[in-house]
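Chemist: I'd like to ask some things about the structure below.
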Amino acid sequence: MSTQTIAKRREYLFLYDVSFANPNGDPNDENKPRIDEETGKNIVTDVRLKRTIRDYLKDYEGLEIFVREIEEDDGSIQDAKARARDFLKNTENLEDKSLKEQKQILADNILKQCIDVRLFGATIPIDLTIKDKDKKKNVTSSITYTGPVQFEMGQSLHRVKLEYIKGTGAFASEKGKEQKTFREEWVLPYSLIAFHGVANENAAKDTGLTDEDLEYLKKGIWYGTKNLITRSKAGQIPRLLIEIVYRDGVHSHIGELHRFIKLETEKADEEIRSPEDYVLNVDKLLEAIEEEKEKIEKVLFRKDKNLKLNKDLVIEGIEFVEMEI
C-alpha cells in the first residue's frame, strides 16, 4: 500500500439514474424520495453516496471501514465509542499510557486501517481509561478529521414525478386471519442524478489519503452504485464519471460541475423514463474545462454506452483518457 499522500487536486462529476426506485428516502416524510419543492428536482444526500461507496469497499474489495453496523453479542448495535475501542485491542499496557499517547495510537490505527476515514474524515468519540495517581480514571474525548473527499448534495437534472405504489404482501396480517398485509412505498419512475465532488490535496495530509485510495473511491462510486441490490435501490445504473486531475501546485478547481450540463429532450421532464428519451448537453462543461486548461493535467472519464452526449469529450490541448476502473 502506498504511503505517499495525494499531491494533485481532483474534481469529480458523477451521474447515475434510477428507475422505479427510491434513491434516498426521507425518514421525516414517510421515507419518500427527497424532492426540492421549489424546483421539483430529486435530492440525494452526500451521506447516501458515501454509504454506497463504503458498502462496496467493505463487501466487494474486503477493505476495513470505520463507519459500519456491527452487532454485539447481546444483539445490540455497536456504538461509535465501542467501535473506536476495537482499534486499541492489541495495544500492550494501554492503561499505563497517557491520554495523549492513547489518542495518538488510536488515531494512527484507524487511519492506517480504515479507508473511509482517510477518504471522508470522521468525528470519533472515545472513552478511554488512564491511570491517575495509581487510580483508574475514565476520560471521554474525541478525534476529528476533515475528509479530503467531499461531495455536494446530489440532484436530478430534471423535474421528477413521485408515485405511490400499494400492493399485497405474502403473509396474513395476523395469525388466523385471511387478509394479507399491505405493502406501501413511494418511488420515482425515473431520475438522472448528478453529484459533484473534490479531493483536496491539503486535507489529504491529515488523513494520509493516497492515490491508491482514490482508485478505490472510483470503484466504489461506479460499481457500488451498480451493485446496490436492496429492494428500494435496485435498478440504479452509473452513466458517467469524470475525474479532472489538476497539475502540481494548483490549489483551486472549477466547482459545481453539475451546473454545466443539461438534458435536451422533447418530452416533459416528468415523462422521461430512460436515457433513450434525452441527450446530455456538455457544451458548457467543455467550455469550463477549456478555460482552465493551463491548470489541468488530464481528464479521465467513463461513460455508459446507453448515455447519449451531444458531442464527444474532446478538447484540443487536453488529454482525455477513458477510465479503466
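The values are calculated or read from the model by the stated rules, or taken from the named source; none is laboratory data. Keep in mind that this is a model prediction, so the values were computed, not measured. As a convention, Cβ positions derive from the backbone with ideal geometry for all residues, glycine included, and neighbour counts pool all protein chains shown.
Chemist: Of the residues that sit in region 199-241 and are of a type in the set (A, V, I, L, M) and under 23 Å from Phe320 (Cβ atoms), which one is surrounded by the fewest Cβ atoms within 10 Å (Cβ to Cβ)?
Modeler: Applying the first criterion (of a type in the set (A, V, I, L, M)) to region 199-241 yields 199, 203-204, 209, 214, 217, 221, 228-229, 234, 237, 240-241.
Okay, now just the ones that are also under 23 Å from Phe320 (Cβ atoms), so 199, 214, 217, 221, 237, 240-241.
Details: Ala199: 26, Leu214: 22, Leu217: 26, Ile221: 25, Ile237: 17, Leu240: 21, Leu241: 22.
If we take residues in region 199-241 being of a type in the set (A, V, I, L, M) and under 23 Å from Phe320 (Cβ atoms), then Ile237 is surrounded by the fewest Cβ atoms within 10 Å (Cβ to Cβ).
Chemist: From the residues in region 74-132 that are within 27 Å of the chain's Cα centre (by Cα) and over 24 Å from Asp206 (Cα atoms), which one is surrounded by the most Cβ atoms within 10 Å (Cβ to Cβ)? Lay out the reasoning, then the answer.
Modeler: The first filter runs over region 74-132 and keeps only residues within 27 Å of the chain's Cα centre (by Cα), leaving 76-87, 106-126.
Then drop every residue that is not over 24 Å from Asp206 (Cα atoms), which leaves 76-79.
Working: Ser76: 10, Ile77: 9, Gln78: 14, Asp79: 12.
The extreme case among them is Gln78.
Chemist: If you don't mind, another one. Is there a residue in region 180-188 that is assigned by TED's automatic domain parsing to the domain that holds Leu280, at pLDDT 90 or above and of a type in the set (S, T, N, Q)? Give the derivation first.
Modeler: Step one: list which residues in region 180-188 are assigned by TED's automatic domain parsing to the domain that holds Leu280, which gives 180-188.
Okay, now just the ones that are also at pLDDT 90 or above, so 186-188.
If we keep only those that are of a type in the set (S, T, N, Q) too, we end up with none.
No: zero hits.
Chemist: Output the residues belonging to region 111-127 that are of a type in the set (Val, Ile, Thr), touching a strand residue (DSSP E or B) at 6+ places or on another chain (Cβ under 7 Å) and in a helix (DSSP H, G or I).
Modeler: Restricting attention to region 111-127, the residues satisfying the condition of being of a type in the set (Val, Ile, Thr) are 115, 117, 123-124, 126.
Remaining after also requiring touching a strand residue (DSSP E or B) at 6+ places or on another chain (Cβ under 7 Å): 117, 123-124, 126.
Val117 - this is the single residue of region 111-127 that is of a type in the set (Val, Ile, Thr), touching a strand residue (DSSP E or B) at 6+ places or on another chain (Cβ under 7 Å) and in a helix (DSSP H, G or I).
Chemist: Could you grab me the full set of residues in region 191-219 that are hydroxyl-bearing (Ser, Thr, Tyr) and either in a helix (DSSP H, G or I) or within 16 Å of the chain's Cα centre (by Cα) (or both)?
Modeler: Our first condition is that a residue be hydroxyl-bearing (Ser, Thr, Tyr); within region 191-219, this holds for 191, 207, 210, 216.
Those that are hydroxyl-bearing (Ser, Thr, Tyr) and either in a helix (DSSP H, G or I) or within 16 Å of the chain's Cα centre (by Cα) (or both): Thr207, Tyr216.
Chemist: With the structure loaded, tell me whether Asn22 is surrounded by fewer than 17 Cβ atoms within 10 Å (Cβ to Cβ), of a type in the set (S, T, N, Q) and either under 17 Å from Lys226 (Cα atoms) or assigned by TED's automatic domain parsing to the domain that holds Asp127 (or both) or whether it fails that test. Quick ask: steps written out before the conclusion?
Modeler: Values: surrounded by fewer than 17 Cβ atoms within 10 Å (Cβ to Cβ): no; of a type in the set (S, T, N, Q): yes; either under 17 Å from Lys226 (Cα atoms) or assigned by TED's automatic domain parsing to the domain that holds Asp127 (or both): yes.
Against the criterion (surrounded by fewer than 17 Cβ atoms within 10 Å (Cβ to Cβ), of a type in the set (S, T, N, Q) and either under 17 Å from Lys226 (Cα atoms) or assigned by TED's automatic domain parsing to the domain that holds Asp127 (or both)), Asn22 does not qualify.
Chemist: Being assigned to a helix (DSSP H, G or I) and either surrounded by fewer than 13 Cβ atoms within 10 Å (Cβ to Cβ) or touching a residue at least 40 places away in the same chain (Cβ under 8 Å) (or both) is the filter here; which residues of region 285-312 pass it? Walk me through how you get there before you give the answer.
Modeler: The initial filter retains those residues of region 285-312 that are assigned to a helix (DSSP H, G or I), namely 285-291, 293-295.
Once the filter is applied, which keeps residues that are assigned to a helix (DSSP H, G or I) and either surrounded by fewer than 13 Cβ atoms within 10 Å (Cβ to Cβ) or touching a residue at least 40 places away in the same chain (Cβ under 8 Å) (or both), region 285-312 yields Leu285, Glu287, Ile289, Glu291, Lys293, Glu294, Lys295.
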